[in-house]
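The values are calculated or read from the model by the stated rules, or taken from the named source; none is laboratory data. All values reported here derive from a predicted model rather than from experimental measurement. With ideal geometry, Cβ positions are generated from the backbone for all residues, glycine too; neighbour counts draw on all protein chains shown.
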Amino acid sequence: MSIYVTQGIILKRKIYRETSVLFHCLSEQFGNITVIAAGSYKEKSHFTGFLEPFNLLNLELYKNTKSEIYNLRNAGLIETYLNHLEYQKSLMIYAAGELMLQIDSPQDDGPDLFKLLITYCHYVNSSEFHPYYIFLRYILRLFTMMGIPIEQNCIQCGNERIINYDLNKNGFICHRCLKKTNIKSEPLSSVAESRSGYNEYETNIELSPETSYTLRNINNLNVLLDYPLQKSTIRETKAIILMHLVTLFHKQFHLNSLRDI
Ligand SMILES: [Zn+2]
């Protein structure tokens with residue numbers, strides 16, 4: 001039996017066998033881990049109240065070296081990220097957690113992913129920008145960190161006036177380069193509806209001008225301060241994020257937290 005000490009942020013929790021709490025967390029030292037807090041639901045041990053989603057904790061864990069699941073020995077609260085947070089902002093934090101749970105993070109990336117998520121949660125809490133813009137920036141950083149970046153310029157010529165997302169090349173494309181190909185460009189709805197599996201897309205997604213403008217300026221948020229976020233931008237960027245992940249990991253991904261924004 002070995003003892004482990006790390007910081008961790010809880011992504012999801014549930015009651016386990018009536019008396020215990022089982023939670024998934026992104027830990028600084030070990031990446032995504034599953035932890036059982038035995039008896040903590042019933043006994044009201046002093047840390048029970050801490051075991052809530054998006055609480056940052058000091059964790060003292062133990063486990064059998066052969067086991068995948070850690071046991072909680074002690075916990076100390078460092079920070080809460082969902083406390084009194086407005087609805088839209090909390091959805092963005094849930095969305096980041098939802099994606100993190102689906103990504104198999106090698107332990108080596110643990111500290112970097114952990115730092116990125118903590119920084120993001122702080123920023124969502126304190127920023128005056130629309131939280132979806134913060135989420136998009138977070139996604140771009142996350143993808144870069146994981147070695148699957150999405151360039152925001154045309155993948156063929158570097159032009160920043162992108163009008164399409166190429167589903168086969170996993171990148172954006174400009175008007176001029178699109179004209180040189182025979183690829184059909186279609187608005188999102190028709191592509192999404194005919195979607196039947198991985199990597200079977202033969203068309204590009206047409207970006208609305210608002211989405212193109214948003215992506216062009218996402219690294220300079222002051223430009224977007226008074227720019228109203230459009231529903232089409234949310235729909236298109238969400239689909240691009242999911243399709244990018246599906247194509248690269250060959251499994252389905254979901255972002256249910258953002259269904260209602
Ligand atoms: Zn181009």
Assess whether Tyr165 counts as being within 16 Å of the ligand (Cβ to nearest atom) and touching a residue at least 24 places away in the same chain (Cβ under 8 Å).
yes
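Return a yes/no flag: does region 31-40 have any residue that is in contact with a strand residue (DSSP E or B) (Cβ under 7 Å, 6 or more places away or on another chain) and in a loop (DSSP other than H, G, I, E, B).
Start the filter on region 31-40 by keeping residues that are in contact with a strand residue (DSSP E or B) (Cβ under 7 Å, 6 or more places away or on another chain), which leaves 32-40.
After this cut, where a residue has to be in a loop (DSSP other than H, G, I, E, B) as well, the list is 38-39.
Checking region 31-40: at least one residue is in contact with a strand residue (DSSP E or B) (Cβ under 7 Å, 6 or more places away or on another chain) and in a loop (DSSP other than H, G, I, E, B).
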When the residues of region 156-188 are filtered to those that are in a loop (DSSP other than H, G, I, E, B) and out of contact with any helix residue (DSSP H, G or I) (no Cβ under 8 Å at 6 or more places or on another chain), which remaining residue is nearest to Glu236 (Cα to Cα)?
Pro187
Reported set for region 181-217 where residues are modelled with pLDDT of 70 or more, within 17 Å of Ile155 (Cβ to Cβ) and either surrounded by 14 or more Cβ atoms within 10 Å (Cβ to Cβ) or in contact with a Phe, Trp or Tyr (Cβ under 6 Å, 6 or more places away or on another chain) (or both) is Ile183, Ser185, Asn204, Ile205, Glu206, Leu207, Thr211, Ser212, Leu215, Arg216
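Only one of these is among the charged types (D, E, K, R) and at pLDDT 95 or above: Glu43, Glu60. Name it.
Working: Glu43 fails: at pLDDT 95 or above.
Answer to the selection: Glu60.
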